[in-house]
Amino acid sequence: MGWLLTERPAERDVVFDEFFLVIGRALYIATGFEMKCRYILRLWRLVEHFRETDDASASLELVARLKDGMLGRTIDALRDVAGVKPEDIPALERARDARNFIAHESADVGALYMLSPRRIEERLGELRVQLEALAQGDDLVSRWVYQIEEKEPAARWLMTDYARVMQGWVFGDHEGA
């Protein structure tokens, strides 16, 4: 694979600009999912360490030393968090796979000077499928974060169709795919 750009600027077609805007929005959601998973795990480890030691300073030092692992390891560790049910794990794993697609594959369309609108539409179709999986996992962890921060379960009416909301925001007015 050679250069993705040429010395002369690639044609800046509206379709191409829209594609990269969509990918950027999807990446924003995917990154947020990963950060929420890490937040939940860190908080859980802090609470568990404090329960075991009753030492706030040592617990805070532990959190400061915790390294952010890869999302797969974070989700594996979430299996031990109270309130995470075994039936929640498949949704988190599908969301992890969707996050990985978005972060590592969604913008892989080759050189811009060879990019066709047809290839963009194919990739956007794949992205729609992945966003559905990401929405399910992100909705789950968002509810947990809400419960942690608000000290009450998130009511169902707070977010009734997160996948639709996510698709609408990521794709905006894009009618294709």
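The values are calculated or read from the model by the stated rules, or taken from the named source; none is laboratory data. What you see is a predicted model, and the numbers here were worked out from it, not measured in a lab. Backbone-built Cβ (ideal geometry, glycine too); neighbour counts: all protein chains shown.
Tabulated values for the structure
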{"item": "Residue check, residue 98 surrounded by 13 or more Cβ atoms within 10 Å (Cβ to Cβ) and either under 20 Å from the mean Cα position of the chain (by Cα) or not in a helix (DSSP H, G or I) (or both)", "result": "yes"}
{"item": "Segment 13-41 residues that are under 18 Å from residue 78 (Cα atoms), paired with ones that are outside any helix (DSSP H, G or I) (beta carbon under 7 Å, 6 or more apart)", "result": "38/68; 40/81; 41/81"}
{"item": "Residue under evaluation residue 79, criteria (1) modelled with pLDDT under 90; (2) surrounded by 14 or more Cβ atoms within 10 Å (Cβ to Cβ), criterion not met", "result": "(2)"}
{"item": "Conditions (1) part of a loop (DSSP other than H, G, I, E, B); (2) out of contact with any Leu (no Cβ under 9 Å at 6 or more places or on another chain); (3) exposed (fewer than 14 other Cβ atoms within 10 Å of the Cβ): number failed by residue 129", "result": "(1)"}
{"item": "Flag for residue 131 being aliphatic (A, V, I, L, M) and modelled with pLDDT under 90", "result": "no"}
